Each structure stands twice: as structure tokens, then as C-alpha cells.
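Only one structure is covered here, and it is reproduced in the block below.
Coordinate-derived values only; no laboratory data. Treat the numbers as computed from the prediction; the structure is a model and nothing was measured. Because the Cβ atoms are built from the backbone with ideal geometry, glycine has one as well, and the counts that use them run over all protein chains shown.
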Amino acid sequence: MSETLDLANCVNAVCPWSGDPVSGDSLTLYRGKVVGFCNPGCRDKFEKATSSFDAAIDGN
């Protein structure tokens, strides 16, 4: 990712997968917002899931 994401801009305080606190090394940008996860594995799972849903919604 070319831009640096900041934990201070994160829209959530806990990981949506685990319920654990978010970590600064596990952030992603989704629909213009910084979303945080407890670890890179949870972040990657989110990115994979949302890209599949976004593609289906967009008809791709």
C-alpha cells in the first residue's frame, strides 16, 4: 500500500473477527476509511472477503 495508514484514523477499536484490540500494523483502507484488525491475518481475511463481495455487487 503506497500510503501510510494511521491508527488514530481507524474507525474501530476492536478487531471485527476476534474482538481483540486493533494493532497499528494491521490496518487497511476500505471505502475511504481506515479499518483495523488485531493482526495481519485478520486484515487479510477481511480484504479477501470484501473484495469477493464488492466484485459480486459490481457484477465482476
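Things to note:
- Taking the C-alpha atoms only, the angle from helix 40-58 to the longest principal axis of the chain is near 30 degrees.
- By the beta carbon rule, with partners counted only under 4.7 Å, the chain holds these lone Cys residues: C10, C42.
- Summing +1 for each Lys or Arg and -1 for each Asp or Glu among the other residues whose beta-carbon sits under 15 angstrom from that of G24 gives -3.
- The magnitude of the dipole of the chain, with charges of +1 and -1 set on the Cβ of Lys/Arg and Asp/Glu and taken from the Cα centre, is near 120 debye.
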